[in-house]
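Input: a single structure, listed below in C-alpha cells.
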Amino acid sequence: MTEQEIRSALAQAAGDVREKNPQAPSVTNTVTQDFVANAQLAVGGSATMIYLPDECEQIAATAPAFYINTGTMLPVLAETLPRTAKTLHDNRTPWVLDPVGIGMNGLRTKILSGFKDCKPSIVRGNASEIIALAKLWQLVDDDYAGTIRGVDSTEKVSAAKTAAIALAKFTGGAVAVSGEEDLITDGEQTIICAGGSAMLTKVTGSGCALGGVMAVYAAVANPFTAALTATTAFNLAGMQAAAKSDGPASFKIKFLDALYKLTAQEIADSFRAVGVLDSMLTYTFGMERVKE
C-alpha cells in the first residue's frame with residue numbers, strides 16, 4: 001500500500017465505524033472492562049462484555065467481530081474461550097486476541113495453545129507477549145529473546161519484529177506490538193508508529209482498550225487496516241489528552257473525550273511516511289511521542 005492508499009483506508013475504516021456502529025463483544029480482563037467498553041463506544045462502536053460459555057458462543061455466531069483478552073483467567077473460561085474461538089473460526093468472523101499474561105499459569109497456556117488452530121485475525125500485545133506466543137505456537141526458535149514480568153513487557157518493540165511477522169504470516173491476518181513505538185504488520189508490510197503519550201502506561205487497561213477498539217474496526221476493515229486505524233486513533237488521542245491533563249485520572253477522562261472527538265479525516269491526515277527500514281515496506285508514523 002502507498003502512503004495515500006493507507007490514508008484512504010484509515011479514513012474509510014474510521015468513517016464506516018461512525019456510520020455503522022458495529023458491535024464487537026468482548027471476553028476481557030475484569031479489571032479493564034469499563035475502559036474497554038468506553039473506548040469502543042468513543043470511536044463509534046458498540047460494546048458487550050460477556051463470559052458465560054453458552055452466551056459467548058451464541059453471540060460469537062452472529063457478531064461482526066470479537067475481542068478475546070486472557071488477562072483474567074477464571075475456571076469458567078476453560079470452556080468459554082475454546083468454544084468461542086472455534087465458533088469465530090468456523091464462521092470466519094474477524095477476532096482480536098490479546099494474550100495478556102501468557103506463560104503465567106497452565107490454564108492460560110493451554111487455552112492460548114489451542115487458539116493456534118483458530119487463527120485470530122489480529123494479535124495485539126506487548127513485545128514480550130508477542131514473542132512468547134510465537135514461541136508457544138512454535139513459529140520462532142525457543143532461544144528467541146523475550147520474557148514476561150506479570151503483564152508487562154521486558155523487551156523493546158523492535159525485538160518482537162521477527163516474531164510478529166511470523167505470527168502474521170501464519171494467521172494470514174495482522175499483528176500489533178504495542179510499546180513506546182508501535183509495530184503493525186501483516187507479514188508483508190510493516191509499519192512503525194510513533195506518537196502517543198507515555199501517560200497511557202500510567203492508566204491500567206490502555207492496551208486492553210486498544211485491542212477492543214481494533215475489534216471494532218475489524219468489523220468494517222481488513223485486519224491490517226483495523227489494527228493501524230485503532231493505533232493511529234489512540235496515538236492521536238493520547239497526545240491530545242496529555243496536553244490537557246494533570247495526571248493519570250484526568251488523562252483517562254481527557255483521552256476518552258479526545259477519542260470521541262476524532263474525525264475520520266484527522267486520523268487519516270496524521271499518517272505520514274518518513275522512511276523505509278530493512279529493505280521492507282516500513283513506514284514511520286510521523287509524530288513525536290509526548291513524554292511527561
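A short reminder: the numbers here are calculations on the coordinates, not readings from a lab. From a predicted model like this one, the values you see are computed outputs, not experimental measurements. Positions of Cβ are backbone-derived with ideal geometry, glycine not excepted, and every protein chain shown enters the neighbour counts.
Rounded, prolate or oblate: which fits the stretch 206-247 when a ≥ b ≥ c are the square roots of the eigenvalues of the alpha-carbon gyration tensor, with rounded for a/c under 1.5 and prolate only if a/b beats b/c?
Because a/c hits 1.5 or more and a/b exceeds b/c, the stretch 206-247 counts as prolate.
Roughly speaking, what is the stretch gain from Gln265 to Glu3, that is 0.36 nm per residue apart minus the C-alpha to C-alpha distance, in nm to one decimal?
Using 0.36 nm per residue and subtracting the Cα-Cα distance, I get 92.9 nm.
Rounding to the nearest 20 debye, state how big the charge dipole of the chain is about its Cα centre with +1 on each Lys and Arg Cβ and -1 on each Asp and Glu Cβ.
The calculated dipole for the chain is roughly 240 debye.
Mean Kyte-Doolittle of at least -1.0 and a Cα length of 27 Å or more along the axis: which whole DSSP H helices of the chain meet both?
223-242
Using only helices, what value at 222 nm comes out for the chain when you add -39,500 (n - 2.57) per DSSP H run of length 4 or more and divide by the total residues, to the nearest 500 deg cm²/dmol? Could you put the intermediate results ahead of the total?
Details: 11 runs with 133 residues, N = 292.
My calculation for the chain gives -14000 deg cm²/dmol from helical runs alone.
Calculate the length of the line joining the C-alpha centroid of the stretch 200-231 to that of the stretch 164-198, in whole Å.
Comparing the Cα centres of the stretch 200-231 and the stretch 164-198, I get a distance of 12 Å.
Step through the table entries Lys156/Lys202; Lys161/Lys252; Lys202/Lys244; Lys116/Lys161, compare each Cα-Cα distance with 23 Å, and write down the pairs that go over it.
Lys161/Lys252
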